[in-house]
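Take a look at the structure set out below.
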Amino acid sequence: MHIILLGAPGAGKGTIAKMLVEKYGIVQISTGDILRQAVKEGTEVGKKAAEYMNTGKLVPDSIIMDIIEERIAKPDCAKGFIFDGFPRTIPQAEELAKLFAKKNMAIDAIINLEVPEDVVLRRLTSRRTCSNPGCQAIYNIYTMPPKKDGICDKCGSKLVQRDDETEEAIRVRLETYYEKTQPLIDYYQHNNAYFAVPSLDAQETFDAIVQRLHV
Ligand code: ADP
Ligand code: ZN
């Protein structure tokens, strides 16, 4: 199964992706997570990507496509995967279509998580992420607080606010989303695999998706 998750920053793509991973035994491919890891490791890709990411701008399409092509060739992708945060631009979607055609692969679902802008803003500023690179659990100080303030329930590491979750970086990320990523909804609108679901409550959103997928 090959799924694309669309939605603004803060729409809940990461949370929903993890729930789908568990249900269907497929892997989550988050370009954001892959890039953050590359930055941390100081690889060539990481060095190039860091300046874009810290200011909330998009990393160039060519870098993203190299990452994707390499990632989907790994053995753990054989059962299927879910793209979280990719494609992010029309050129990425066009390149993805070519890559899939080349590999004889199909997109089974293109899911748009719909959330009003004020909800997105509130979610982004209230998000805390586990600082342990192997965990990266996500919390929300209002709706999903950790049991102990500032500490990850799963692994006990410190929770932090990401560099790109300052008010200024969030403003840029949202502007970038409306300008570059929202047009993807028109691009995929008439694809048979496309559908939209409201994304206010994670469990309800997940249930609605599972029902639509019929598997
Ligand atoms: P968000 O929470 O904004 O969805 P992600 O974790 O998906 O953030 O991505 C963080 C940053 O990584 C983005 O702001 C952008 O700089 C970069 N990035 C991630 N995925 C892509 C992509 N598909 N194309 C371009 N840049 C990307
Ligand atoms: Zn943790």
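The values are calculated or read from the model by the stated rules, or taken from the named source; none is laboratory data. Just so it is clear, the model here is predicted, and its values are computed rather than measured. Here Cβ is always computed from backbone atoms with ideal geometry, including for glycine, and neighbour counts include all displayed protein chains. Accessible surface is based on the protein model in full, side chains and every heavy atom, while ligands, DNA and RNA are left aside. Shrake-Rupley method; radii C 1.70, N 1.55, O 1.52, S 1.80 Å.
Applied to region 108-118, the Karplus parametrisation 6.51 cos²θ - 1.76 cosθ + 1.60 on θ = phi - 60° returns per-residue 3J(HN,Hα) values of 8, 8, 10, 10, 9, 8, 9, 9, x, 4, 5 Hz, with x for Gly and Pro.
Taken along the Cα-to-beta-carbon direction at a fixed 7 Å, the label points for F195 and F100 span 1.6 nm.
How much mean residue ellipticity at 222 nm does the chain get from its helices, if each DSSP H run of length 4 or more adds -39500 (n - 2.57) and you divide by all residues, to the nearest 500 deg cm²/dmol? It would help to have the intermediate numbers written out before the result.
On the way: 9 runs with 97 residues, N = 215.
Only helices count here, giving -13500 deg cm²/dmol.
This model, with +1 at the C-beta of Lys and Arg and -1 at the C-beta of Asp and Glu, gives region 1-82 a dipole about its Cα centre of some 260 debye. Amide H to amide H distances under 5 Å link F83 with I3, I4, L5, I29, where only residues 5 or more positions off or on other chains count and H is placed in the peptide plane.
Computed from point charges on the beta carbon alone (+1 for Lys and Arg, -1 for Asp and Glu), the dipole magnitude for the chain about its Cα centre is near 560 Debye.
How about region 55-137: which GluC sites (Glu not before Pro) there lie in a loop by DSSP and see at most 11 other Cβ atoms within 10 Å?
Details: sites: E69, E70, E94, E95, E114, E117; in loops: none.
Passing both the DSSP loop test and the Cβ count: no residue.
Ordering T166, V120, Q136 by Cα displacement along the dipole of region 99-194 toward the positive end leaves Q136 in first place; charges were set at the Cβ atoms of Lys, Arg (+1) and Asp, Glu (-1). A cut-off of 5 Å between modelled amide H atoms, ignoring neighbours fewer than 5 places along the same chain, links S157 with C152. For the residues A93, A78, A193, a GNM of the chain with alpha-carbon springs under 10 Å puts the largest fluctuation on A78. Remark: for residue pairs K18/K57; K23/K158; K18/K40; K57/K180, the C-alpha separation exceeds 18 Å in K18/K57; K23/K158; K18/K40. Excluding ligands, DNA and RNA, the accessible surface per residue across the chain is 53 Å² with a 1.4 Å probe.
Here the 3J(HN,Hα) profile of region 191-196, calculated from phi with Karplus coefficients 6.51, -1.76 and 1.60 at θ = phi - 60°, is 6, 4, 7, 7, 8, 10 Hz, Gly and Pro shown as x. Karplus-derived 3J(HN,Hα) values for region 200-215, using 6.51 cos²θ - 1.76 cosθ + 1.60 with θ = phi - 60°, are 10, 10, 4, 5, 5, 5, 4, 4, 5, 5, 4, 4, 5, 6, 6, 9 Hz; glycine and proline are entered as x.
The share of accessible area on region 25-153 that comes from carbon and sulfur is 53 percent, using a 1.4 angstrom probe. Close amide H partners of Y194, meaning residues 5 or more places away or on another chain with modelled amide H under 5 Å apart, are I110.
At the listed q of 0.08, 0.17 Å⁻¹, the Debye profile of the chain, built from one uniform point per Cα, gives log10 I(q)/I(0) equal to -0.26, -1.39.
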